[in-house]
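Undergrad: The structure follows.
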Amino acid sequence: MPRISVFIQVWCLVLLILFTSCEKIEPGNALDAETTNLITSLGLLDKDEQIVYFYSNYKKSRAGSFFTDKRIARYWLEDQPAKTEIKFSFYKDIVSIDTVYKVPYFDCPYMIITSKNGTKFRAYVDGDTQEKRAFFEKVISLWRKSHSLNLR
C-alpha cells in the first residue's frame, strides 16, 4: 500500500510542475525585452517585424511559439545544440495550417505548419478556449491575407 501512495504523490508532483510551467498567451507588445532580444538573436524577428502573439509551454528563455505580421515560428533551446530546434516559415511560403485542439492531457494544442518545400513543424499554444481560438484565427487570417495580396 505505501508504494501506491508514493507513486501517487510523485505523479501529482509531476502534474503540478507541468501545469505550473505553462505560460499564458501574450500579445507581442506586452512581451519583455529579454524575450524579444532572444527571438531576434535566433534570427526569428527582423527589425521591421512585429510579434502579434507569443506563447511558451516552458520557460521563455528555452521555448516559444509565436507569429508576427510576416511569419510563424517556434524555438526549443537545449544545452546540447544538436537537440535545439528553431523553425519558421513566412506566410508567403506556407501551403497549409492545420490546428489540433484535442490533445492528451500532457500535451498542448498546436498548429502544423506546412511550407511549399514540404517541411513541417508544430507551433504550440495553450490557454482557455477563447484564447486558443483567437490565436489560431488571427494567424490563419494573416496567412490568408498574405496569400490574397500575393495573388494580385
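What follows draws every value from the coordinates through simple rules; no lab data is involved. The shown structure was predicted, so the numbers you read here are calculated from the model rather than taken from an experiment. Every residue, glycine as well, gets a Cβ built from its backbone with ideal geometry; the counts of neighbours run over all protein chains shown.
Undergrad: Take the residue pairs K70/K102; K83/K145; K24/K145; K87/K132 and return only those whose Cα atoms are more than 24 Å apart.
TA: Result: K70/K102; K83/K145; K24/K145 exceed 24 Å.
Undergrad: So for the pair K120, E49, with labels modelled 7 Å out along Cα→Cβ, what separation do we get in nm?
TA: 2.3 nm
Undergrad: Treat the count of other C-beta atoms within 10 Å as a stand-in for reagent exposure and order D126, D48, D107 from fewest to most. List each step's numbers first, then the result.
TA: Numbers: D126 20, D48 7, D107 13.
Sorted ascending by nearby Cβ count, the order is D48, D107, D126.
Undergrad: What distance in nm lies between label points placed 7 Å from Cα along the C-beta direction at K102 and E131?
TA: Calculated label separation equals 2.3 nm.
Undergrad: Using bins 10 angstrom wide from zero, how does P(r) for the stretch 22-151 break down, in % of all Cα pairs?
TA: Cα pair-distance distribution for the stretch 22-151, in percent: 12, 47, 35, 6, 0.
Undergrad: Shifting gears a bit: Please rank D69, D79, fewest neighbouring Cβ atoms within 10 Å first, as an exposure proxy.
TA: If I rank by nearby Cβ atoms, fewest first, I get D79, D69.
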